[in-house]
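The values are calculated or read from the model by the stated rules, or taken from the named source; none is laboratory data. Quick caveat: nothing in here was measured; it's all calculated off a predicted structure. Here the Cβ is made from the backbone with ideal geometry for all residues, glycine too, and neighbour counts use every protein chain on show. We work out accessible area using only protein heavy atoms, side chains counted, and drop any ligands, DNA or RNA first. Shrake-Rupley method; radii C 1.70, N 1.55, O 1.52, S 1.80 Å.
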Amino acid sequence: MEEQEFQEVWRWVLTVGDSILNIYRSDFEIRDKGGNDPVTEADLYASEFLFEKISKQFPNHGFLSEEKADTNRRLDKEWVWILDPIDGTREFVKKNDQFALSLGLVRNGEPIWGIIFNPATGEFFSKGKHSFFAKLQAPYATDENFRTLIVESSSVLHPLQDVRDGKKKPILLVSVSEMKEGLFSDPFWSEDFELRAMGSIAYKLGLLSAGFIDIIVSLKPKNEWDICGGISLLDEENFIYFPLKDKPYQFNQKTTLSFGLVAGKKSAVNYLESKIDFHQLSLKVKERW
């Protein structure tokens, strides 16, 4: 993969971001895939658009999308693209801005590159020489926005500050549904962390990659398309991430589920471990949504 090829994918995502935003602002149609799992025309359009672009540009690569029937053909591919066209569709339906497109690229199961893009806010997280963040203005498929990505991709984010600086509590993001279900009702969560609930695990991972938050904990299953794009942006120098009830992440698996997630700045993850044993935390993990 060459730098120019990654930049071309940015252009595709900017283009599809405009379509997602236009649908988001309209009175769009919603279908239920079953089990209160909604899908919209934005999910389907973005999935098909990126599948067609990627298949044409990279015919030897595999492709996995939440909104496309899966096959075993991807399993023996060296390179595989993993897409959630809209992570946080429930939030998209509620029009509360807490959703994101998540696209990851894995090589032999290892996540090496990705994009998290929230068209409602213009927040774009990806990788150049390093992971980077850009705030874009709609419409997105413009030369100006593309130039912004080029400039930001060659810069280095400010050093990630130690979360224990002074008396500030680490900012911990959890899912809205897990909060409502009482999975974070133990007093130590709110006593020791600045606890916030937010939709879309992909969006949360993007915010983490740019250092806007300190740590994410989830106690429910995650599919590869939920987390691949975001995890690819977390470098080992600054971050720690792992499932709570599984082996370390290896993507492009036949079974796409993993169980539980901790991802955070190293200092925040170490701080969490000082408050609760990770084995005890793993016992709280649910194996169903």
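Which of the residues that make up the stretch 24-38 are modelled with pLDDT of 95 or more and under 21 Å from the mean Cα position of the chain (by Cα)? Result: 24, single match. Counting the residues of the stretch 93-104 that are within 12 Å of the chain's Cα centre (by Cα) and either part of a loop (DSSP other than H, G, I, E, B) or without any contact (Cβ under 8 Å) to a residue 40 or more places away in the chain (or both) gives 2.
Which residue, of 54, 116, 82, is in contact with a strand residue (DSSP E or B) (Cβ under 8 Å, 6 or more places away or on another chain), of a type in the set (Val, Ile, Thr) and within 20 Å of residue 212 (Cα to Cα)? Before you say what the answer is, go through the steps one by one.
Numbers: 54 fails: within 20 Å of residue 212 (Cα to Cα); 82 fails: within 20 Å of residue 212 (Cα to Cα).
Just one listed residue meets the conditions, 116.
Please work out if residue 226 is assigned by the TED database to the domain that holds residue 275, among the acidic types (Asp, Glu) and surrounded by 23 or more Cβ atoms within 10 Å (Cβ to Cβ).
Spelling it out, residue 226 is indeed assigned by the TED database to the domain that holds residue 275, among the acidic types (Asp, Glu) and surrounded by 23 or more Cβ atoms within 10 Å (Cβ to Cβ).
Among the residues of the stretch 105-119, those identified as open to solvent by less than 30 Å² (accessible area, probe 1.4 Å) and either assigned to a loop (DSSP other than H, G, I, E, B) or farther than 21 Å from residue 78 by Cα (or both) are 109, 116, 117, 118, 119. Can you spot a residue in the stretch 164-172 that is within 27 Å of residue 247 (Cβ to Cβ) and within 21 Å of the chain's Cα centre (by Cα)? Checked against the condition, which is being within 27 Å of residue 247 (Cβ to Cβ) and within 21 Å of the chain's Cα centre (by Cα), the stretch 164-172 yields at least one hit.
Here the condition is being over 28 Å from residue 148 (Cα atoms) and small (Gly, Ala, Ser); of 104, 109, 122, 114, it holds for 109 alone.
Quick one: count up the residues across the stretch 12-36 that are part of a helix (DSSP H, G or I) and open to solvent by less than 90 Å² (accessible area, probe 1.4 Å). Break it down stepwise before answering.
Residues of the stretch 12-36 that are part of a helix (DSSP H, G or I), as a first pass: 12-24.
Then drop every residue that is not open to solvent by less than 90 Å² (accessible area, probe 1.4 Å), which leaves 12-21, 23-24.
Total meeting the criteria: 12.
For the stretch 188-199, name all the residues that are open to solvent by 10 Å² or more (accessible area, probe 1.4 Å) and in contact (Cβ under 8 Å) with a residue 24 or more places away in the chain.
First, the residues of the stretch 188-199 that are open to solvent by 10 Å² or more (accessible area, probe 1.4 Å): 188, 190-192, 194-198.
Listed by number, the residues that qualify are 188, 192, 194, 196, 197, 198.
Just checking, does the stretch 247-255 include any residue being without any contact (Cβ under 8 Å) to a residue 24 or more places away in the chain and either in contact with a helix residue (DSSP H, G or I) (Cβ under 9 Å, 6 or more places away or on another chain) or of a type in the set (D, E, K, R) (or both)? There is at least one residue in the stretch 247-255 that is without any contact (Cβ under 8 Å) to a residue 24 or more places away in the chain and either in contact with a helix residue (DSSP H, G or I) (Cβ under 9 Å, 6 or more places away or on another chain) or of a type in the set (D, E, K, R) (or both).
Condition test on residue 233, is it surrounded by 15 or more Cβ atoms within 10 Å (Cβ to Cβ) and more than 21 Å from residue 184 (Cβ to Cβ)? So residue 233 fits the description; yes.
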